[in-house]
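Every number in this text was worked out from the coordinates using simple rules, so none of it is lab data. Since the structure is predicted, the reported quantities are computational estimates derived from the model, not experimental observations. Quick reminder, even Gly has a Cβ in these numbers, built from the backbone with ideal geometry, and neighbours come from all protein chains shown.
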Amino acid sequence: MKALNFYLLYMAFLGSYNKLNVLGLIISPNNNNNNNNDNGNNNNNNKNINDYKSTSDTQINAGDGYHQESSESLLKTEMKKYDEQNPQKESSQEFSKRDPVGGLERALETIRLNKTPLPPWLKTITGLNDWPGLEPPYIPLDFIDFSKIPQIEQYGPSQCTIVPRDSCSFDCYKCVEPDDVYTCHKLSQTFDDGPSDSTEELLKHLGDTKSTFFNLGINIVSHPNVYKKIIEQGHLIGTHTWSHPFLPSLTNEQIIAQIEWSIWAMNATGNHIPKWFRPPYGGIDNRVRSITRQFGLQAVLWDHDTFDWELLNGNSQRTENAIFEDVKKWKADSASKGGLILEHDGASKTVEVGKKVFDIVGKDQLTVAKCIGGIDYIRKYSDLEKKL
């Protein structure tokens, strides 16, 4: 009986993608005769975002921010203590340099885990007793076929000179594949990096309008009540990885770890498996796509960037008024162009901006799934299934 229960739990959580597909639980993202994209060399399918939509009136920056936070003096004692206790992990200062909207304060916040207990079935699968830190361990999964992953060289941000164009890098070339979602026929907001304590204020302001949130696994398990509130209010939630790395800089195993742990966090907390995925910093190429597709995920990018995270950088020249003026222009063009707006709900300042952007855009917005007529989640489970 125990063996059966574990098998059901394993299947009900993630199980084998192939088994789920046989059961008809996954709608393949590759429904555009795009099955050969994973070789990284299908130039006929690789498109620059400008091929799909004119960007003459919209400046697109394909990365959602690499910057040095100005708050490096904050909480140094606490962060030093964390670094001493976690010498094998990424240092707090390294994390703050790549963390898009919270810096040191949010780094401290996100390592306060254990609010969502690690469920017994996940302990069995992973051999761990607790949620991981910033660098989740790779757990092999039987449905991942490494032979399908194209051999594209790892690269970091701002290293586009070494990135081949046929890799279809969005970060470097604004390149999108046919199954990438990057716009919407109605101008709609999307929010990355939550959930956070500030997310609740945003939820109140959105009212009955449904939006899309791309959440970090490490924040989900540290803010389970906020995460559940997003679900209860009917918003769509996608994965934004476990801890917000630039995925093209990672090994295949590290990318898999970022995705699998984010999915496990979502299901352990919210009882569902995500369909939608947004790469941090817009860092996606055909190697990353090949891996995320094997999880049944579909990439979501953007064609309007508020650069709201720059407001958290004391040296930035970006202002709230500049953001609002941009949004007004997008709104004026939305009747013919629509669009997906990139924002963040990981900090109170960006949430306040998001509320004002909502007032400009208006209530007539769509979730990413509604934009393209897709499903909300690969699978949602009942309480009974969760208890098996």
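What do you reckon, is THR306 surrounded by fewer than 24 Cβ atoms within 10 Å (Cβ to Cβ) and of a type in the set (Ser, Thr, Tyr)? Steps first, please.
On the way: surrounded by fewer than 24 Cβ atoms within 10 Å (Cβ to Cβ): no; of a type in the set (Ser, Thr, Tyr): yes.
Against the criterion (surrounded by fewer than 24 Cβ atoms within 10 Å (Cβ to Cβ) and of a type in the set (Ser, Thr, Tyr)), THR306 does not qualify.
Name, by its number, the condition in (1) touching a residue at least 24 places away in the same chain (Cβ under 8 Å); (2) surrounded by 14 or more Cβ atoms within 10 Å (Cβ to Cβ) that does not hold for GLN159.
That leaves (1) as the condition not met.
For THR190, all conditions in the list (1) surrounded by fewer than 19 Cβ atoms within 10 Å (Cβ to Cβ); (2) over 13 Å from ASN286 (Cβ atoms) hold save one; what is the number of the exception?
Among (1) surrounded by fewer than 19 Cβ atoms within 10 Å (Cβ to Cβ); (2) over 13 Å from ASN286 (Cβ atoms), the lone unmet condition for THR190 is (1).
Which residue pairs have Cβ atoms closer than 7 Å, lie 6 or more positions apart in sequence or on different chains, and pair a first residue in the range 353-379 that is over 18 Å from TYR182 (Cβ atoms) with a second residue that is of a type in the set (Phe, Trp, Tyr) and in a helix (DSSP H, G or I)?
Filtered contacts from the range 353-379: LYS356/PHE324; ILE360/PHE324.
Taking helices (runs of 4 or more DSSP H) that do not extend beyond the range 303-382, which have at least 3 residues that are farther than 25 Å from HIS244 by Cβ?
Working: elements: 320-337, 348-361, 368-372.
It comes to 320-337, 348-361.
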